[in-house]
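Read the figures in this text as sums done on the coordinates, not as results from a lab. Worth saying up front: this structure is predicted, and the values here are computed from it rather than measured. No Cβ is skipped: glycine too gets one built from the backbone with ideal geometry, and neighbour counts run over all protein chains shown.
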Amino acid sequence: MNKSEREEVVEMVEKGTLKPNVSYDSSLILLPKKNEQLSKGGGEIVIEKNGDLVLFFTYRGMLDNFSGFVY
């Protein structure tokens, strides 16, 4: 589900349209309202290695544990 929408977000990260925008963590991107449902638990994605790795959460635990899709 939502594969094509997630791929569009990944493309925006690769092009530099979406950049880290969370002041306390340079690896987090808070998604725009229209895309926030693609990553559970706050609408944030994690990027690493200049966008080479993008994590969309499917579950975020209270203190630890998480799962998601990695591109």
Using a 7 Å offset from the Cα along the Cα-to-Cβ direction at both Asp25 and Lys3, what is the distance between the two label points in nm, to one decimal? 2.8 nm
Using the Karplus equation 6.51 cos²θ - 1.76 cosθ + 1.60 (θ = phi - 60°), what ³J(HN,Hα) coupling, rounded to whole Hz, does each residue of the stretch 17-29 give in order, writing x for Gly and Pro? 5, 9, 10, x, 9, 10, 4, 8, 8, 6, 10, 10, 10
Going from the fewest other Cβ atoms within 10 Å to the most, one would list Thr58, Thr17 as Thr17, Thr58
Taking the Cβ of each residue in Tyr59, Tyr71, Tyr24 as the centre, tally the other Cβ atoms inside 10 Å and list the residues starting with the fewest. Tyr24, Tyr59, Tyr71
Under-5 Å amide H pairs with Leu53, H placed in peptide plane, nonlocal only: Glu48
Farthest positive-ward along the chain dipole, Cα basis, beta-carbon charges - from Leu28, Val70, Gly42: Gly42
What percent does the relative contact order of the chain come to when contacts are Cα pairs within less than 8 Å and at least six residues apart? 21 percent
What is the calculated FRET efficiency for Thr17 to Phe66, with r their C-beta to C-beta distance and R₀ = 22 Å, to the nearest 0.05? 0.30
Going by C-beta contacts inside 10 Å, put Arg60, Arg6 in order with the fewest on the left. Arg60, Arg6
Using helices alone, what [θ] at 222 nm do you get for the chain, with -39,500 (n - 2.57) per DSSP H run of 4 or more residues, divided over all residues and rounded to the nearest 500? -6000 deg cm²/dmol
